[in-house]
Amino acid sequence: MIPVQPVENQLSVLKNQLSDELSRILNYWIKNTPDAAFGGFFGRIDNESRVISQSPKGSVLNARILWSFSAAYNLTKKTEYLEYADRAYQYIIHRFIDNKYGGVYWTVDHTGKPLDTKKQVYANAFTIYGLSEYYSASGNKDAKELAISLYRLLVEHSYDTEKTGYLEAFTRDWQPISDLRLSAKDANEKKTANTHLHVLEAYTNLYRIWPDEGLKLQIITLVHNFFDHFIDRDTHHLALFFDEDWNSKSALVSYGHDIEATWLLQEAAEVISNEVLVEQIKNINLKIADATVSGIDSDGGLWYEYEPADDHLTKEKHWWVQAEAMVGFYNAWQISGADKYLALAEQNWAFVQNKILDKKNGEWFWGIDEKGELMPGEDKAGLWKCPYHNSRACIEIIKRTK
């Protein structure tokens, strides 16, 4: 009989592995991504770690770099991480902040000049998220004030005072815009689960440094948006796209967003110390986690998306989906004590080690396809490929194993 490993030993091994992985992820970004010629960080690096020169630089990428290095510093107190957080902060305030109309540009060109000047609420939320973490790391009061001002802009221009929720995007001067999409694959709808989830995440982090009552009410309202609209009470998957009147426009299942929502909703309720919400969310979380299990492959990896209308499973395993599965299932284990959830988190991490880590060049590959082969033409760093999901997964589980 093989002896059962005590859970304390399991968690110690997991913590040590993820501590090492966090260092490897951030060392990759330190070594490969700073742009010595034009400042900040390169806009795109391919799967072979080759810089694609003259690529646009994205506000989401830079805000996530700011958050990742700030959060890593807050965890480890390694001064080098704060130096790179400083670099990201300086680039954001000098290149991405729109000093005329407020908010952040979607992209700048490789030299730092404004390129796509639309105001995507998602990008502004991530800037609040990164600035809040940076303030915790640095004590920079200007960063805190900027985060608060961006929050107030979103409430003023994006918040639906009649029906609640946040509208998706605007022109540079915060006027209505016809194309609301974050990316070409998204539905062109006014309210989305993805944006609301990350507005909630941003507001939660802002509340940690600025416990404002109006902000708390916004967080509570956002949580109820998930209860009332985004979480399908029959399937326990998230409905992803809605019109302005909260009419659902898609049945598409995103396994990564499902499992990510579980722990971010719980975190929000815990940060504002609302025990009633915490208990409600914990009960829902286990149902969402169980629904997400249907997307897990035999190798422990989590598939990307499922379209019930034509019973089509997108058989790709993206890096960020795996990172969220690790945290989400670990959180489900903490809620329930059920060993099956801890096993799912560990199996997913084993899958990442086997298939997603770039053991030659560092960082995580974008993902693999149905055949287990690397998805071609994807980024190692880019508008969407950032050190955020994977570093955050490491940081969350390290903190939770303590």
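The values are calculated or read from the model by the stated rules, or taken from the named source; none is laboratory data. These numbers come from a predicted model, not from an experiment. All Cβ positions, glycine included, derive from the backbone under ideal geometry; neighbour counts span all protein chains shown. Accessible surface areas use protein heavy atoms only, side chains included; no ligands, DNA or RNA. Shrake-Rupley method; radii C 1.70, N 1.55, O 1.52, S 1.80 Å.
Some values worked out for this structure:
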| item | result |
| --- | --- |
| Cα gyration tensor of segment 22-177 - equivalent ellipsoid semi-axes, whole Å, descending | 26, 19, 13 |
| Part-to-part distance (alpha-carbon centres) for segment 187-217 and segment 265-314, which is given in Å | 19 |
| Value in Å of the Kirkwood radius, where segment 260-402 supplies the Cα pairs that are averaged | 15.9 |
| Peptides ranked, highest mean first, by Cβ atoms within 10 Å: ranges 26-38, 192-204 | 192-204, 26-38 |
| Computed helical MRE - 222 nm, the chain, DSSP H runs ≥ 4 contributing -39500 (n - 2.57), nearest 500 | -16500 deg cm²/dmol |
| Where R64, R50 fall by accessible area, highest first, once all protein chains stay in place (1.4 Å) | R50, R64 |
| Residue-normalised accessible area of segment 199-349, given per residue in Å² at a 1.4 Å probe | 36 |
| Residues of type aspartates and glutamates that K77 reaches as a straight line, Cα spacing below 20 Å, ignoring anything fewer than 8 places off in the same chain | D20, E21, D86, E133, E396 |
| Cα-Cα separations in the chain greater than 33 Å, expressed as whole percent | 27 |
| Dipole moment magnitude, nearest 20 debye, segment 69-225 about Cα centre, only Lys, Arg, Asp, Glu C-beta charged | 120 |
| For segment 136-168 versus segment 323-402, the gap between their alpha-carbon centres in whole angstrom | 29 |
| Rounded accessible area of D142 (nearest 10 Å², 1.4 Å probe) | 110 |
| Proportion of all alpha-carbon pairs of segment 243-303 beyond 15 Å (%) | 60 |
| Residue (of Y207, L264, H196) at the positive-pole extreme of the chain, dipole from beta-carbon charges | Y207 |
| Listed residues E168, E270 arranged by accessible area, highest first, probe 1.4 Å | E270, E168 |
| Other-chain or far-sequence residues with amide H under 5 Å of I231's (modelled H) | A239 |
| Alpha-carbon centroids, segment 220-252 and segment 10-38: separation in whole Å | 35 |
| Lysines whose Cα lies under 19 Å from that of K360, excluding same-chain neighbours fewer than 8 positions away | K31, K380, K385 |
| Residue with peak Gaussian network fluctuation, the chain [Cα springs, cutoff 10 Å], from Y388, Y101, Y304 | Y101 |
| Nearby aspartates and glutamates by direct alpha-carbon distance to K57 (threshold 13 angstrom, same-chain neighbours under 8 apart not counted) | D35, D109, D116 |
